[in-house]
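Below: the structure, in structure tokens.
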Amino acid sequence: MLVPPSANSIAKFAEGFGQRALLTIDTEEEFDWDKPFSATEHGLDHVRHLRSFQEFCENLGISPVYLVDWPIAHAPMAQEVLGDAVKRGKAEIGIQLHPWVNPPHEEEVSAHNSYAGNLPPALEREKFVRLRDAITEKFGSAPMIYRAGRYGLGPQTAQLLSDNGIGVDTSVRSGFDYSGDGGADYTRHPLQPYWTGAQHQLLELPLTTVYWGMLRRQGPALQSVIDRIPALRGAMARFGILERIALTPEGVTAEEALRGIDIALDDGLPLLVLSFHSPSLAPGHTPYVTSETGVDTLYDWFREVYAYLGQRGVKPTSVSEIMEHVVLPRGQ
């Protein structure tokens with residue numbers, strides 16, 4: 001079990017950093033989310049849409065972080081588009097480990113083993129190292145940030161990252177519980193960036209999820225009950241009692257996201273971490289985008305959200321900028 005950090009682990013930023021927003025993209029292969037995991041049954045058709053999305057981000061002044069997994073790292077078009085953006089300083093590359101498509105293939109492919117942190121430490125390490133080395137070679141940039149596929153951190157992951165030159169993790173999805181099929185429970189993890197690892201050497205950037213409604217302060221405590229009764233979730237949201245809002249265009253409307261942004265900023269959160277899956281850039285690859293209209297809605301979501309962030313004085317940021325402004329813990 002991953003234990004939430006203590007209050008004294010919360011990271012601080014240099015004066016003038018203000019409040020910023022980081023866009024992270026789970027840049028991954030297409031697969032059927034309703035079928036069992038497979039080492040071979042996947043596609044890469046949406047990769048050709050990465051160029052348009054990168055141009056869109058540049059027009060909005062966003063430097064996205066592409067968290068790349070094994071199939072994407074070996075896709076020539078992804079190497080061309082993302083590699084060029086990285087060279088021009090318009091994007092950053094990170095690591096996302098999907099163990100079921102990442103060699104060596106020694107484990108049984110299953111829901112439990114889809115969380116990399118559940119693998120034997122030596123196998124988790126070998127998969128990670130092969131992916132890190134491939135990304136460094138294919139994109140000409142050593143990654144600084146990691147996300148475990150399916151948010152699957154394990155007890156050895158922090159040390160693994162520190163041992164291999166990764167200073168930032170963004171695998172924690174605060175407010176969500178994946179323990180039902182072997183994953184981690186993040187319902188009580190904080191939203192604020194915090195230091196973790198044996199010597200507080202790893203900076204955690206949790207994905208931003210807030211609670212809205214009359215009982216929002218009790219959200220983390222109530223979430224496990226709500227997850228067991230799906231009908232309760234919708235009813236509580238409709239009546240303004242409690243609603244969980246993640247900053248993603250997948251399953252969250254722009255109106256809901258703006259409400260979530262207000263809550264996060266008014267609570268003083270220094271960093272908002274937005275996310276989505278790259279296959280949503282084309283219809284039919286995720287449950288969230290099933291038509292061309294859905295693709296248009298996704299782009300509109302980003303336009304509206306970033307326009308509002310600008311109105312609230314929140315600037316887009318990058319991993320490099322975050323590391324320049326974070327105050328290192330004592331002894332580092």
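Looking across region 167-179, the residues that are touching a helix residue (DSSP H, G or I) at 6+ places or on another chain (Cβ under 8 Å) and either open to solvent by 10 Å² or more (accessible area, probe 1.4 Å) or under 27 Å from Val129 (Cβ atoms) (or both) come down to Gly167, Val168, Asp169, Ser171, Val172, Arg173, Phe176, Asp177, Tyr178.
Residue count for region 59-99 under the criterion of being of a type in the set (S, T, N, Q) and closer than 15 Å to His277 by Cβ: the result is 1.
Listed by first and then second residue, the pairs linking a residue in region 311-332 that is more than 20 Å from Leu265 (Cα to Cα) to a residue that is open to solvent by 70 Å² or more (accessible area, probe 1.4 Å) and not in a helix (DSSP H, G or I), with Cβ atoms under 9 Å apart and 6 or more places separating them unless they lie on different chains, are Ser320/Met144; Met323/Met144; Val327/Lys12; Pro329/Gln199; Gly331/Gln199; Gln332/Gln199.
Residues in region 227-237: is at least one in contact with a Leu (Cβ under 8 Å, 6 or more places away or on another chain), touching a residue at least 12 places away in the same chain (Cβ under 8 Å) and open to solvent by less than 10 Å² (accessible area, probe 1.4 Å)? No, every residue in region 227-237 fails to be in contact with a Leu (Cβ under 8 Å, 6 or more places away or on another chain), touching a residue at least 12 places away in the same chain (Cβ under 8 Å) and open to solvent by less than 10 Å² (accessible area, probe 1.4 Å). Note on region 244-257: residues that are open to solvent by 50 Å² or more (accessible area, probe 1.4 Å) and in a helix (DSSP H, G or I) amount to 1. Of the residues making up region 224-280, just one is farther than 15 Å from Phe176 by Cα, touching a Phe, Trp or Tyr at 6+ places or on another chain (Cβ under 7 Å) and basic (Lys, Arg), namely Arg259.
I'd like to know if region 268-287 contains one or more residues that are within 30 Å of Leu203 (Cβ to Cβ), of a type outside the set (Val, Ile, Thr) and over 20 Å from the mean Cα position of the chain (by Cα). Within region 268-287, one or more residues are within 30 Å of Leu203 (Cβ to Cβ), of a type outside the set (Val, Ile, Thr) and over 20 Å from the mean Cα position of the chain (by Cα). Within region 113-134, is even one residue among the aromatic types (Phe, Trp, Tyr) and over 16 Å from the mean Cα position of the chain (by Cα)? Yes; the residues of region 113-134 include at least one that is among the aromatic types (Phe, Trp, Tyr) and over 16 Å from the mean Cα position of the chain (by Cα). Given the criteria part of a helix (DSSP H, G or I), touching a residue at least 40 places away in the same chain (Cβ under 8 Å) and either open to solvent by less than 20 Å² (accessible area, probe 1.4 Å) or not acidic (Asp, Glu) (or both), does Gln96 qualify? Considered against the rule, which asks whether it is part of a helix (DSSP H, G or I), touching a residue at least 40 places away in the same chain (Cβ under 8 Å) and either open to solvent by less than 20 Å² (accessible area, probe 1.4 Å) or not acidic (Asp, Glu) (or both), Gln96 comes out as no.
For every residue, the table says whether it meets (1) open to solvent by 30 Å² or more (accessible area, probe 1.4 Å); (2) over 27 Å from Tyr299 (Cα atoms); (3) of a type outside the set (D, E, K, R).
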| site | (1), (2), (3) |
| --- | --- |
| Ser162 | yes, yes, yes |
| Thr187 | no, yes, yes |
| Ala198 | yes, yes, yes |
| Tyr211 | no, no, yes |
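Restricting region 56-81 to residues that are farther than 27 Å from Pro104 by Cβ and free of Cβ contacts under 8 Å to residues at least 24 places away in the same chain leaves a set whose member that is most open to solvent (accessible area, probe 1.4 Å) is Asn59. Taken together, Ile263, Ile241 contain a single residue that is over 27 Å from Leu50 (Cβ atoms) and either part of a helix (DSSP H, G or I) or charged (D, E, K, R) (or both), which is Ile263. All of (1) modelled with pLDDT of 95 or more; (2) closer than 30 Å to Gln201 by Cα hold for Pro5 with one exception: (1).
The residue list Phe17, Phe53, Phe37, Phe31 contains one member that is more than 21 Å from the chain's Cα centre (by Cα) and crowded, with 18+ Cβ neighbours inside 10 Å, which is Phe17.
Each row is one residue, and each column tells you yes or no for (1) assigned to a helix (DSSP H, G or I); (2) in contact with a Leu (Cβ under 9 Å, 6 or more places away or on another chain); (3) in contact (Cβ under 8 Å) with a residue 12 or more places away in the chain; (4) open to solvent by 30 Å² or more (accessible area, probe 1.4 Å).
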position: Arg259; (1), (2), (3), (4): yes, no, yes, yes
position: Leu298; (1), (2), (3), (4): yes, yes, yes, no
position: Val305; (1), (2), (3), (4): yes, yes, yes, no
position: Tyr308; (1), (2), (3), (4): yes, yes, yes, yes
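Within the option set Ser63, Ser38, Ser110, being hydroxyl-bearing (Ser, Thr, Tyr), in a loop (DSSP other than H, G, I, E, B), touching a strand residue (DSSP E or B) at 6+ places or on another chain (Cβ under 9 Å) and at pLDDT 95 or above holds for one residue only, Ser63.
The values are calculated or read from the model by the stated rules, or taken from the named source; none is laboratory data. Keep in mind that this is a model prediction, so the values were computed, not measured. When we count neighbours, we look across all protein chains shown, and the Cβ atoms used for this are built from the backbone with ideal geometry, even at glycine. For the accessible areas, the whole protein counts, side chains as well, though only heavy atoms, and no ligand, DNA or RNA atoms are used. Shrake-Rupley method; radii C 1.70, N 1.55, O 1.52, S 1.80 Å.
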